[in-house]
1. Considering only residues of the stretch 78-105 that are aliphatic (A, V, I, L, M) and either part of a loop (DSSP other than H, G, I, E, B) or under 11 Å from the mean Cα position of the chain (by Cα) (or both), which is nearest to Gln39 (Cα to Cα)?
2. Residues being out of contact with any Asp or Glu (no Cβ under 9 Å at 6 or more places or on another chain) and either aliphatic (A, V, I, L, M) or open to solvent by less than 10 Å² (accessible area, probe 1.4 Å) (or both): count how many of those fall in the stretch 19-31.
3. Could you grab me the full set of residues in the stretch 64-77 that are open to solvent by 10 Å² or more (accessible area, probe 1.4 Å) and either part of a strand (DSSP E or B) or without any contact (Cβ under 8 Å) to a residue 40 or more places away in the chain (or both)?
4. Considering every residue within the stretch 32-53, establish whether at least one is open to solvent by less than 60 Å² (accessible area, probe 1.4 Å), assigned to a loop (DSSP other than H, G, I, E, B) and under 30 Å from Ser115 (Cα atoms).
5. When the stretch 1-24 is examined, which residues are found to be assigned to a loop (DSSP other than H, G, I, E, B) and more than 16 Å from the chain's Cα centre (by Cα)?
6. Which condition number does Trp36 fail, the rest of (1) more than 20 Å from Gln107 (Cβ to Cβ); (2) out of contact with any helix residue (DSSP H, G or I) (no Cβ under 9 Å at 6 or more places or on another chain) being met?
Amino acid sequence: QVQLVESGGGLVQPGGSLRLSCVASENIFNFNIMGWYRQAPGKQRELVATINVGGITNYADSVKGRFTNYRDGAEKTVRLQMNSLSPEDTDVYYCHAQILRQNYWGQGTQVTVSS
C-alpha cells in the first residue's frame, strides 16, 4: 500500500513563502504522476501542480510563476515551493500520486495565509 506523508504547512503572512514536502513510501519514479491539490471547506478539490515521470510539470493558472513543484528522488520526496502567498492560497493541501491507474492521497496539510 502506497503511503504519502505531507509536511510543511502552517501560518504565513501575505507575500511570504512556504515549502511543502510529500514523502512517499516507495521510489517516486515508480509513479506516473505526482502532484498537489488543495481544497477549501465546502469546495471541490482543485489541482495545484503536477509532475510526471518524465519531469514535465503542470500548474494551475492561479499559481504559475509563484509555485514550483519538484522531485527529490534520493529522498523519495516531492516538494512544492510556494512564494508570494496570498490569502486566496489558504487551503488544505494534499499530495497525490498515481501508479497503474490507482490514485493515492496524503492526509493533507493546512496552509493559512493571513496577517
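1. Taking the stretch 78-105 and keeping what is aliphatic (A, V, I, L, M), we get 78, 80, 82, 85, 92, 97, 99-100.
Subsequent filtering for residues that are either part of a loop (DSSP other than H, G, I, E, B) or under 11 Å from the mean Cα position of the chain (by Cα) (or both) retains 78, 80, 82, 85, 92, 97, 100.
Numbers: Val78: 19, Leu80: 16, Met82: 16, Leu85: 16, Val92: 5, Ala97: 16, Leu100: 25 Å.
Among those that are aliphatic (A, V, I, L, M) and either part of a loop (DSSP other than H, G, I, E, B) or under 11 Å from the mean Cα position of the chain (by Cα) (or both), it is Val92.
2. We begin by selecting, within the stretch 19-31, every residue out of contact with any Asp or Glu (no Cβ under 9 Å at 6 or more places or on another chain); these are 19, 24-27, 29-31.
Still in the list and also either aliphatic (A, V, I, L, M) or open to solvent by less than 10 Å² (accessible area, probe 1.4 Å) (or both): 24, 31.
Within the stretch 19-31, residues that are out of contact with any Asp or Glu (no Cβ under 9 Å at 6 or more places or on another chain) and either aliphatic (A, V, I, L, M) or open to solvent by less than 10 Å² (accessible area, probe 1.4 Å) (or both) number 2.
3. Within the stretch 64-77, the first condition is being open to solvent by 10 Å² or more (accessible area, probe 1.4 Å), and the residues that meet it are 64-66, 68, 70-76.
Once the filter is applied, which keeps residues that are open to solvent by 10 Å² or more (accessible area, probe 1.4 Å) and either part of a strand (DSSP E or B) or without any contact (Cβ under 8 Å) to a residue 40 or more places away in the chain (or both), the stretch 64-77 yields Lys64, Gly65, Arg66, Thr68, Tyr70, Arg71, Asp72, Ala74.
4. First, pick out the residues of the stretch 32-53 that are open to solvent by less than 60 Å² (accessible area, probe 1.4 Å): 33-40, 47-52.
Now narrow it down to the ones that are assigned to a loop (DSSP other than H, G, I, E, B): 40.
Add one more test, that the residue is under 30 Å from Ser115 (Cα atoms), and what stays is 40.
Looking through the stretch 32-53, at least one residue is open to solvent by less than 60 Å² (accessible area, probe 1.4 Å), assigned to a loop (DSSP other than H, G, I, E, B) and under 30 Å from Ser115 (Cα atoms).
5. Restricting attention to the stretch 1-24, the residues satisfying the condition of being assigned to a loop (DSSP other than H, G, I, E, B) are 1-3, 8-9, 13-17.
The answer is Gln1, Val2, Gln13, Pro14, Gly15, Gly16.
6. (1)
The values are calculated or read from the model by the stated rules, or taken from the named source; none is laboratory data. None of the values given here were measured: they were computed from a predicted structure. When we count neighbours, we look across all protein chains shown, and the Cβ atoms used for this are built from the backbone with ideal geometry, even at glycine. Surface areas here come from the heavy atoms of the whole protein model, side chains and all, with no ligands, DNA or RNA. Shrake-Rupley method; radii C 1.70, N 1.55, O 1.52, S 1.80 Å.
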